[in-house]
Each structure stands twice: as C-alpha cells, then as structure tokens.
1. With the Cα gyration tensor of region 135-192 giving a ≥ b ≥ c as the square roots of its eigenvalues, does the rule (a/c under 1.5 for rounded; else a/b larger than b/c for prolate; else oblate) give rounded, prolate or oblate?
2. In nm, to one decimal, how far is the Asp258 label point from the Ala23 one, both placed 7 Å along Cα→Cβ?
3. What ranking of Cys30, Cys8 emerges when the number of other C-beta atoms within 10 Å of each C-beta is taken as an exposure proxy, fewest first?
4. Could you list His198, His68 so that the one with the fewest beta carbons within 10 Å of its beta carbon is first and the one with the most is last?
5. Below 13 angstrom from the Cβ of Cys204, what's the summed charge of the other residues (Lys, Arg +1; Asp, Glu -1)?
6. When ranked by the protection proxy of mean other Cβ atoms within 10 Å per residue, highest first, what sequence do the peptides 185-193, 213-221, 255-263 form?
7. Length gain on complete extension for the stretch Ala167 to Ala35, per 0.36 nm per residue less the alpha carbon to alpha carbon distance?
8. So between Arg46 and Ser210, what do we pick up on full extension, going 0.36 nm a residue minus the alpha carbon distance?
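We did not get these values from a lab; they are worked out from the coordinates using the rules stated. Predicted, not measured: the structure shown is a model, and the values here were computed from it. Ideal geometry is used to build each Cβ from the backbone, glycine not excepted, and the neighbour counts take in all protein chains shown.
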Amino acid sequence: MEERIRTCPECGSKTIITDPKHAELYCAACGLVIAEKLIDLGPEWRAFDEEQAAQRIRTGPPMSYRIHNKGLGTPTPKSLESTKRMHGLISMDSSEKTLSFALGEIDRMASALGLPTNIKEAASLLYRKAVKQNLIKGRSIEELGSAVLYITCRQYGVPRTLKEVAAVSRMPLKKIRRAYIFLLKNLELRLTPPDPTHYIPRFCSELGLSDATRERAIALMRETRNMAAAKGWGPTGTAAAAIYLAANLSGESVLDRDVARVAGITPITLKTRFKELEKRLTVSLNALSPLPDKGAFSVQAVS
C-alpha cells in the first residue's frame, strides 16, 4: 500500500512518511494517518552491528562453479580468527584441495587473457566434468586446466589461440595440446573449426588500423573462407593475410612483421598466405569500394 500512495488524500502533500515502529503511513504536512497495520517485509531478527548481521543473515552470493565448494561453504566466525586458516585447511580433503587449486589456475589464466565471467564458469564446469569421469588422475593439473580453458574458448567462439593460452600457462605448448586431444576424445566433444573472421577485429585493434580496413579484411575473408579451409590454413595466418592485403588496398602503412607478431605467426607464413590470396582474388580499389549506405565491401573471386 505504501508504494501505491504517493500523495496525501487530505492536503495533497507528497511528503509521505513510513513509520515502521508503529506500522503506520502518515502525511508529514497535515499529520493524517493514511494507512496502519502495515506488514513488515524485513527480516524477523535484529542486529546492532555488522558482525552480528553477517552471522544472522541467511542469504549470500549466488552459486559459482569457480569455487571448489560452489560458494556454499559455512564461514568461520570471527571469534575463531586465530584458527581460521587452520580450520579451512582441516575442513578440506585432498580432492577438494586439488579442485580448489585447479579452479584457481583456470581463473588466473582466464583473467590474464581478458576472458569474461561466463567463460570462467563454463571452463570450471567442464573441468568438474572431467574430474567426475576420473580423467585427471595421473595427469598434470595445469595442462588439463589450460586445455579446458582453450576448449571452452572454442565452444563459445572466443578468438584465443593455443599459443596464447600457453603464454599464460605454466605448461609448455606441447603438453597442453596433448591434454587438449585427450579431453576431446574422452569427453566426446565435437568442435567446429575456428572462424578466421573472429580474429580480425582484435588484430586490427592491436595494430591500430581503421574500421574501413577491418571491414575490408572481413569481406576478403568471407570470399576466401572455403579456399582456406580446403588448404588447411590456420585461422590466425589466414586472418593476418587478409588484414595485410586490406591494409595495402586501403593505403594504410603497416609492416608485415608487425602483423605477423600480433597474429603469432612468422613473416614467411604471412607472405605465403598473402600471395595465395592475391592469386585467388581479382582485387581492385573499385571492387573493394564501400557499397552505398551499407559500409560493406564486395569482392569478385577468380573462377
């Protein structure tokens, strides 16, 4: 009722006061009691300081798979502050300690790669699935956690390469790739090939290229996607070649070694992909000019 009443029916004042002690709603201007016997929607308990309120409250943060106990553990009272750390260690068995360490590593690597929270949650859930199927026994926690994070990025279409994951991991690329293949086989996961166009916006941003060059590179990539897949090109090398070609057509100055560095490939690989794109496409400035009022680009492929 107090939410519906905005003005006093007697004097028209908008100064409406709620008195929780007497369960009344009255007007501060004329003193009219507008409503009484209001229902108290707050908790049935009282607290006189923050510590007492924290002990009596029965709600908390939402459940999260990034925490070993999903955030549903019972906190230790502050009266036992001296034994709090010991209490936490004693209450966790070896499997929980291992899970806690693995989830912490996944969270650390995901934060270093700038991944959002939903990727962290999905990666933690996938790791729990691997634990449930006893796939972590006899294997390194770090390499499995790195592989799980890369698989999750592939599933959600987030453009992160295996080399980028290895750069923030404590394990070498070879072991992470081995764990990646192992998890795909035993968890029966099917991943679609990575789309090179997903890498183009990030690479262009790191190179400081214009939006026109970015859109032109995406247009080139869409026309040559089937050719790149048929030849087995890596997504980063293909995206880098499209960016380099689009930058040259747009008249933007960018060095091949800078493009190769951002894409994580060698300049030789970049030049090879670049030459293949030139052979495949009949490209001219007129063919790649923006379409009216759409900002898109058209490319004519060689038959």
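1. Numbers: a/c = 2.07, a/b = 1.07, b/c = 1.93.
Oblate, because a/c is 1.5 or more while a/b does not exceed b/c.
2. 7.3 nm
3. On the way: Cys30 12, Cys8 19.
Neighbour counts put them in this order, fewest first: Cys30, Cys8.
4. Details: His198 16, His68 20.
Sorted ascending by nearby Cβ count, the order is His198, His68.
5. Details: positive: Arg202, Arg214, Arg216; negative: Glu206, Asp211, Glu215, Glu252, Asp258.
Every neighbour counted, the sum reads -2.
6. Values: 185-193: 10.1, 213-221: 24.0, 255-263: 18.1.
Result, highest mean Cβ count within 10 Å first: 213-221, 255-263, 185-193.
7. Once the chain is fully extended between Ala167 and Ala35, it gains 41.0 nm.
8. Residue separation times 0.36 nm, minus the Cα-Cα distance, leaves 53.1 nm.
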